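All remarks here apply to the structure that follows.
Derivation of every value follows stated rules applied to the coordinates shown; laboratory data play no part. Owing to the predicted nature of the structure, the values given are computational and were not obtained by experimental measurement. Quick reminder, even Gly has a Cβ in these numbers, built from the backbone with ideal geometry, and neighbours come from all protein chains shown.
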Amino acid sequence: MSLIYPPIADPASSSKGTDTMDSMLLMQYRNKPNLREYMLAYISEMDLLLNQVEEVYTGRFIHNAVGAQLDVIGVILDQLRNVELDKNWFGFEYALNVKKMADEATPEDGGYFRGEELDGFITFPLDDVVYRRLLLAKAQLLCRSSVDINTAYFVTSIILGKVPETMTIELVNPRHMQLEVSASDVAAIDLALVNYLGQYFVPMGTTFSTVRV
């Protein structure tokens, strides 16, 4: 089952000033194109101003924030972008335990490309899309006084960005919980992020593991 999460936010209006002017224009002047064009010489600048004001406002919300603004939300939620996840890299020089290049038919049968933007990092930062999902999931957990199995399923779906074909959380033994998801539609790196988040919804003293089946 596909799940679009986070939901796509409505873009900021680019004609708020013009729309407001048209709604306030007296009826006898609405069929006067020359007058309207004259007024738009001033109002069109308001369109730009109001658009930027709205973007600044909505850009503070988690669904719209990008870059540094998303990092600010991460500070509020005590969740930095640098999350230590196990990754298998594609490459040869100065690398250990590398994997081969994958193809379109088997995208999981290969390593991740390490670009120059990751130079200087010991723990590699998440990109905005994945980081936003992590923040949304953690926010769901922090605003609750208790966490049940339904919450665990819900935040897992947020992290994955969808509800996979197979998703089962079971108690292997009294101190071990395990999440099983379908390998066909869940990437290993997304599952690693779920495994990281498990510390927030698994009871203390219980281990949590994930597996693709």
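Could you please rank Phe61, Phe208, placing first whichever residue has the fewest other Cβ atoms within 10 Å of its Cβ? The partial results should precede the final answer.
Working: Phe61 12, Phe208 19.
The fewest-first ordering by Cβ neighbours comes to Phe61, Phe208.
Between Gln69 and Phe154, what's the calculated FRET efficiency when r is the beta-carbon distance and R0 is 25 Å? Round to 0.05.
It comes to 0.50.
R0 = 35 Å: FRET efficiency of Arg144 with Val53, Cβ-based, nearest 0.05?
Efficiency at R0 = 35 Å is approximately 0.55.
Taking other Cβ within 10 Å of each residue's Cβ, how do Ile189, Ile169, Ile158 sort, fewest first?
In order of increasing Cβ crowding within 10 Å: Ile189, Ile169, Ile158.
How many nm separate the modelled label positions at Glu165 and Ile76, each set 7 Å beyond the Cα in the direction of the Cβ?
With each label point 7 Å from Cα toward Cβ, the separation is 3.9 nm.
In what order do Lys32, Lys16 fall by count of nearby beta-carbon atoms within 10 Å, going from fewest to most?
Final ranking by Cβ density, sparse to dense: Lys32, Lys16.
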